[in-house]
2 protein chains.
Amino acid sequence: MAKRGMLIVLSGPSGVGKGTVRKALFEDPTVDFNYSISMTTRQPRDGEKNGVDYFFVTKEEFEDHIKNGEMLEYAKYVDNYYGTPLKYVNDQLNAGHDVFLEIEVNGALQVRANCPDGVFIFLTPPDIKELRNRLVGRGTDNIDIINKRIQKASKEIRMMQNYDYAVVNDTINNAVSQIKDIVKSERLKVKRVMPDYLTSLGDDI
Amino acid sequence: MAKRGMLIVLSGPSGVGKGTVRKALFEDPTVDFNYSISMTTRQPRDGEKNGVDYFFVTKEEFEDHIKNGEMLEYAKYVDNYYGTPLKYVNDQLNAGHDVFLEIEVNGALQVRANCPDGVFIFLTPPDIKELRNRLVGRGTDNIDIINKRIQKASKEIRMMQNYDYAVVNDTINNAVSQIKDIVKSERLKVKRVMPDYLTSLGDDI
């Protein structure tokens, strides 16, 4: 039986740049873990592709998945559903592959409750002012939505305490490099490698 | 007040190559933490220098340090004392510098009890046969001492469970690179950075 893979969760406030960092991460040819594509009912943004950035589905389709127990986590966020289909994640982990999720903070808490052995990374903006500038600069949301998001993000930044690591999204390269460091380091955790050592040493001791 | 530094502890069975890995690590110009030189009563090996590799002292001097409470940890190992003078470590940590110890497994357990927030790295040989080959190859110890060490190491490898990370000393470069990854990653731990974020965000929320 293959050793079970490691679950890596990247989360953080809306607008912090999770999607951009995740994209840059998976453009890096040295990255050797698999991206679990999220499912959402929100509209695609410019350049986003179905089955690449998200599985874009209708509200009805998403609610069917929930009913059928086919979601690892999901959350409703500014009137849209976001979530992680369960099957892909389980198949990959069972085959011994590490799996990377990029999800909303509510979803991350659900995953943490179910998979305490996962690696939970919080992507954080340098500060709230910077986050506001980014949301305004993106130009895809009206001021009410931006204000709602800022308010929510203020609370969310304090949710950092529910994560293992905090990565500041100051530059995309820094964030990507730090996430790679975290994954490399987590693979050396005694709790993850101990079973292998005991097996391999058994004959000699 | 400067943020307190992080304590990094490298330990592992005698003969696994802790000293060689530590030396290679501190020859790396990107390493930005400080080495706390250990104190020992054992004889210097070829090429080892007092005040660089160890503080080489007499048994009486070492026991005076113990009596005066001037040791962070110490252990008697194959009839010699090994230990860490307390003052240097405290001064560095208080000044906000990260400090690296390379110590024996008994000492590491003492440090873990006193500094649970430290980062504990276990350097392990690929297997026990490989360890025996290394001790024999080193040619500095007689067969009785080697057998004593192998027996001790078999127990010590199981002590891996008292550490946070396991690094295999398959090649020195790999081991050095993995220790650097661990340190970079540990600096991103929420428990270490959270206080800073709360302070910096306080005005904006």
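Taken over segment B:97-107, the criterion of being among the aliphatic types (A, V, I, L, M), farther than 14 Å from B:K155 by Cβ and at pLDDT below 95 is satisfied by B:I103 alone. Pairs linking a residue in segment B:60-86 that is surrounded by fewer than 13 Cβ atoms within 10 Å (Cβ to Cβ) to a residue that is among the hydroxyl-bearing types (S, T, Y) and outside any strand (DSSP E or B), with Cβ atoms under 6 Å and 6 or more positions apart or on different chains, do not occur.
Filtered by the rule that a residue be modelled with pLDDT of 95 or more and of a type in the set (S, T, Y), segment B:51-73 gives a lone residue, B:T58. For A:V111, the conditions (1) assigned to a helix (DSSP H, G or I); (2) surrounded by fewer than 18 Cβ atoms within 10 Å (Cβ to Cβ) all hold with the exception of (2). Please verify whether segment A:90-99 includes one or more residues that are in contact (Cβ under 8 Å) with a residue 24 or more places away in the chain and of a type in the set (V, I, T). The answer is yes, given that some residue of segment A:90-99 is in contact (Cβ under 8 Å) with a residue 24 or more places away in the chain and of a type in the set (V, I, T).
Applying the criterion of being β-branched (V, I, T) and in a helix (DSSP H, G or I) to the residues of segment B:73-108, the residue that is farthest from the chain's Cα centre (by Cα) is B:V89.
Determine if segment B:78-94 includes at least one residue that is under 21 Å from B:K180 (Cβ atoms) and within 14 Å of chain A (Cβ to nearest Cβ). No, because not a single residue in segment B:78-94 is under 21 Å from B:K180 (Cβ atoms) and within 14 Å of chain A (Cβ to nearest Cβ). Scanning segment B:143-170 for residues that are among the polar types (S, T, N, Q), touching a residue at least 12 places away in the same chain (Cβ under 8 Å) and within 10 Å of chain A (Cβ to nearest Cβ) yields B:S154, B:N162. Assessment of segment B:119-139 against the conditions (buried (at least 19 other Cβ atoms within 10 Å of the Cβ), closer than 30 Å to A:D127 by Cβ and modelled with pLDDT of 85 or more) yields at least one matching residue. As a summary of the residue check, A:L93 satisfies the conditions (1) surrounded by 17 or more Cβ atoms within 10 Å (Cβ to Cβ); (2) under 26 Å from A:T140 (Cβ atoms) except for the one numbered (2). In segment A:1-33, how many are farther than 25 Å from A:T171 by Cβ, out of contact with any Leu (no Cβ under 7 Å at 6 or more places or on another chain) and not in a loop (DSSP other than H, G, I, E, B)? Of the residues in segment A:1-33, 0 are farther than 25 Å from A:T171 by Cβ, out of contact with any Leu (no Cβ under 7 Å at 6 or more places or on another chain) and not in a loop (DSSP other than H, G, I, E, B). The C-beta contact set for segment A:16-30 (first residue in contact (Cβ under 8 Å) with a residue 60 or more places away in the chain, second residue among the small types (G, A, S) and assigned to a loop (DSSP other than H, G, I, E, B), distance under 7 angstrom, 6+ apart or interchain) comprises A:K18/A:G12.
The values are calculated or read from the model by the stated rules, or taken from the named source; none is laboratory data. None of these values were measured; they are calculated from a predicted model. Cβ atoms come from the backbone with ideal geometry, glycine included; neighbour counts cover every protein chain shown.
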